[in-house]
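The values are calculated or read from the model by the stated rules, or taken from the named source; none is laboratory data. Everything numeric here is computed off the predicted structure, so don't read it as measured data. FYI the Cβ positions are ideal-geometry reconstructions off the backbone, even for glycines, and counts take in every protein chain you see. Keep in mind that these areas ignore ligands, DNA and RNA; they rest on the heavy atoms of the full protein, side chains included. Shrake-Rupley method; radii C 1.70, N 1.55, O 1.52, S 1.80 Å.
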Amino acid sequence: MMKTPVVLNLGCGRCKRSNEIGVDRDPDSAADVRADLGYTLPFADNTAERVICRHVLEHVPDLVGLLEEIHRILVPGGRLWIEAPYFDHRDSFRDPTHCRLFTWGSFDYFVEGVQPAQYTM
């Protein structure tokens, strides 16, 4: 019997596919699990084959903390799918709930062997 892959949709809002486990703090969302992405995620280590973040990371104050949590819950070789507004888009600055903007190099910080800034260790 083949195991169904666990796919988590973090910050799903009302946009969740049937094969995804939606995670959101909004009670009006389509979430299966209510959780604030600013805290420890309520999943065991190595739980998810895929984690999807569609237009949510720009709203999270502690990006590094959330990505550490995602790394913890992804299985080895698991995939993280990120969609975020590009900093140069006219609407990226319009939303006052955006905590940050993203460029083509924003995630270099998380790539082993890449040193995007001298102030990091």
| field | Neighbours by Cβ (under 6 Å, 6+ apart or cross-chain): first from region 63-79, open to solvent by 60 Å² or more (accessible area, probe 1.4 Å); second basic (Lys, Arg) | value | Arg79/Arg50
| Filtered residues of region 1-21 (kept if open to solvent by less than 90 Å² (accessible area, probe 1.4 Å) and in contact with a Ser or Thr (Cβ under 7 Å, 6 or more places away or on another chain)) | Val6, Cys12, Gly13
| query | Among the residues of region 80-91, is any in contact with an Asp or Glu (Cβ under 9 Å, 6 or more places away or on another chain) and either over 29 Å from Pro5 (Cβ atoms) or modelled with pLDDT of 95 or more (or both)? | reply | no
| request: Please tell me if Asn46 is under 20 Å from Phe110 (Cβ atoms), in contact (Cβ under 8 Å) with a residue 12 or more places away in the chain and out of contact with any Cys (no Cβ under 9 Å at 6 or more places or on another chain). | output: yes
| Is it the case that some residue within region 32-47 is touching a helix residue (DSSP H, G or I) at 6+ places or on another chain (Cβ under 7 Å) and under 21 Å from Leu101 (Cβ atoms)? | yes
| Test set (1) open to solvent by less than 20 Å² (accessible area, probe 1.4 Å); (2) of a type outside the set (D, E, K, R); (3) outside any loop (DSSP other than H, G, I, E, B) - Ser92 fails condition number | (3)
| Number of the condition not met by Asn46 [criteria: (1) modelled with pLDDT of 95 or more; (2) open to solvent by less than 40 Å² (accessible area, probe 1.4 Å)] | (2)
